[in-house]
1. Take the alpha carbon atoms of the stretch 175-210, find their center, do the same for the stretch 104-164, and report the distance between the two centers in whole angstrom.
2. Taking N as the number of residues in the stretch 324-374, what is its Cα Rg relative to 2.2 N^0.38 Å?
3. Tell me which lysines have Cα within less than 23 Å of Lys285's Cα, excluding those fewer than 8 residues away on the same chain?
4. How much length is gained on full extension from Asp61 to Thr294, taking 0.36 nm per residue of separation minus their Cα-Cα distance?
5. Please say if the stretch 69-114 is rounded, prolate or oblate, where rounded means a/c under 1.5 for a ≥ b ≥ c the square roots of the C-alpha gyration tensor eigenvalues, and otherwise the choice is prolate for a/b larger than b/c and oblate otherwise?
6. Within the stretch 91-241, what whole-number % of the accessible surface is contributed by carbon and sulfur, with the 1.4 Å probe and all protein chains included in the calculation?
7. So, how do all the Cα-to-Cα distances of the stretch 151-290 break down into 10 Å bins, in percent, from 0 on up?
8. Using only the alpha-carbon atoms, what does the stretch 242-374 span along each of its principal axes? Please give whole angstrom values in decreasing order.
Amino acid sequence: MSVQSQLTPSAPCSANGPLKGLRIVEFEAIGPVPFAGMLLSDMGADIIRVDRPGTVVGETDFLSRGRLRVEADLKDPVSAGAVVGLCDLADVVIEGFRPGVMERLGFGPDILCDRNPRLVYGRMTGWGQHGPLAAAAGHDINYIALSGALAAIGESNGRPVAPLNLVGDYGGGAMYLVMGVLAALLEVRNSGKGQVVDAAMCDGATSLMSLFYSLHAQGKWLAEREANIIDGAAPFYGAYECADGKYVAVGALESKFYAILLKGLQLSGIDVDSQNDKSNWPALKIKFAKVFKTKSQEEWVKVFQGLDACVAPILSMQDAPSHPHFSARETFVSVEGVVQPGPAPRFSRTASQIQFNASTVCNKLCDITERWSR
């Protein structure tokens, strides 16, 4: 495996991202909160994560990278007081407990924001801070189930398929938490006052479905799976198995790309102008599948190399890091010998960077408080 960028910080590096100087207290959680913390850290934020006593973090826990971590028993008055003092110095707090938990621990926004009026308090939950399900347990699949997203993904003759936990936890959760926190920070510049950001995965996943709800309202989207242009029904938008058992992804939506696809497949006699005639799709899918089975994935990559047919190999996590495009862009990096996805997005002047590996630094609470008090 060839990974071009080699980052080997053995101690916290001097952050240079666009969020340099931003102070964040992150309370240990699962899923979207640590991912949000990773994104903010990669962009230069100075984050202190408060872990439960006994928390073990390995160097391959990429979501925990780039933060100073301290263990604190929030039910212990001395430790709790020190963490409150840390929040007094912070610009942002992010947490992922169910509604009411932080209040019972004495770390709710009513207390912390009263002590620190400019504080932005980011709350990440599945169901949100209010509503009939607010206190209910759940995971990604439950949140996207209500949004309409889960019902739309899968084969027509099968059951809905969970798209990993990309839509709820990370797309609808962490990304909206980060966006909300940064928006609230911008508003602090005008008002001088912080506020609470209520980021709910069910809300975020629903927001991500805006295009499809729009198409549905226009009568352009059918409720059935594999009945629409980008859900697997169209022969020119989907995955096809190759001779070696590997797959390629085809996304030739526009007619000019579709024409090039047909040329690469050496399929003649197909009317490009009838591309969107759904009555032709089932037969064409069968024909495309038969042709793709005649060559290996690597052979199809060579056939379509340099052609705008919108064909790409479907790579595994083992193969993706060594793809030439990712190597050229340094999309994957190696930190202390551990290969992992690098920071995104890119900035022209204040480049993001991984500050250090997850297991690299663990400080005492008193040391960090003193560091922020300088």
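The values are calculated or read from the model by the stated rules, or taken from the named source; none is laboratory data. Everything quoted here is computed from the prediction, not taken from an experiment. Neighbour counts are summed over all protein chains in view; Cβ atoms, including those assigned to glycine, are modelled from backbone coordinates with ideal geometry. Please note that ligands, DNA and RNA were not included when accessible areas were found on the heavy atoms of the full protein model with its side chains. Shrake-Rupley method; radii C 1.70, N 1.55, O 1.52, S 1.80 Å.
1. One Cα centre to the other: 13 Å.
2. With N residues counted in the stretch 324-374, Rg over 2.2 N^0.38 Å equals 1.56.
3. The qualifying lysines are Lys220, Lys246, Lys256, Lys263, Lys293, Lys295, Lys302.
4. Details: separation 233, 0.36 × 233 = 83.88 nm, distance 4.07 nm.
Working it through step by step, the gained length comes to 79.8 nm.
5. On the way: a/c = 1.39, a/b = 1.10, b/c = 1.27.
Taking the square roots of the gyration eigenvalues as a ≥ b ≥ c, the stretch 69-114 is rounded.
6. That share works out to 58 percent.
7. Bin by bin from 0 Å, the calculated values are 10, 29, 27, 18, 10, 5, 1.
8. 74, 29, 26
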